Amino acid sequence: MKKKNIKIAIKSDAEILTEIKDVVGKIERGEKVKKHEGVSFDSIDAMRKVLTEERLRVLRAIKKEHPESVYELAKKLKRDIKNTFNDVQFLAEAGLLELKKTKDGREKTTPLVNYDKIMLEITV
């Protein structure tokens, strides 16, 4: 099975805007556009605020343990449910995990990590 990676990039707003313009230009010319999966931050400090040691622990636990709910994840991590829920929501908003809502009697939210590695890219 091929390992899937997610790319995290440190890019300025100008660099992101240039990429968007390039993609729009290719679409207008009828060229194929390569699918891009990843997350960009405008600085290393912004990235560090998202990828704290505790949030990386959350991502690893989701990948390894496959919890069926945020509550189950909090129990496995021996963390407060509210703090775990907040971190899961934050990581989902940043694009680093997926939340799957299911209703089997009671509604639950299953956190999913669909990649094996986080690759960091910094343009110099």
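The values are calculated or read from the model by the stated rules, or taken from the named source; none is laboratory data. If you're wondering where the values come from, they're calculated on a predicted model, not measured in any experiment. Ideal geometry is used to build each Cβ from the backbone, glycine not excepted, and the neighbour counts take in all protein chains shown. Please note that ligands, DNA and RNA were not included when accessible areas were found on the heavy atoms of the full protein model with its side chains. Shrake-Rupley method; radii C 1.70, N 1.55, O 1.52, S 1.80 Å.
Here the Gaussian network model covers the chain, with springs between Cα atoms less than 10 Å apart; of ASP80, ASP104, ASP45, ASP104 fluctuates the most. Among the GluC sites (Glu not before Pro) in the range 61-120, those placed in a DSSP loop whose Cβ has at most 15 other Cβ atoms within 10 Å are GLU68.
Comparing LYS75, LYS11, LYS63 in a Gaussian network model of the chain (Cα springs below 10 Å), the most mobile by mean-square fluctuation is LYS75. Report note on the peptides 47-60, 20-33: ranked by the mean count of other C-beta atoms within 10 Å, highest first, their order is 47-60, 20-33. Picking from GLY38, GLY95, GLY105, which is most flexible by a Gaussian network model of the chain using Cα springs under 10 Å? Of the options given, GLY105 has the highest mean-square fluctuation. I need the shape label for the range 56-115. Rule: rounded when a/c is under 1.5, else prolate if a/b > b/c, else oblate, with a, b, c from the alpha carbon gyration tensor. Because its axes are fairly even, with a/c under 1.5, the range 56-115 counts as rounded.
Net charge in the neighbourhood of THR123 (other residues with Cβ under 14 Å of its Cβ; Lys, Arg +1, Asp, Glu -1) is -3. Accessible surface computed residue by residue for the chain, with neighbouring protein chains in place and a 1.4 Å probe, gives 73 Å² per residue.
Would you work out what percent of the accessible area of the chain, with all protein chains in place, is carbon or sulfur (probe 1.4 Å)? Roughly 52 percent, rounded to a whole number. Under the shape rule built on the C-alpha gyration tensor, where the axes satisfy a ≥ b ≥ c, the range 27-77 is oblate, since a/c reaches at least 1.5 while a/b does not exceed b/c.
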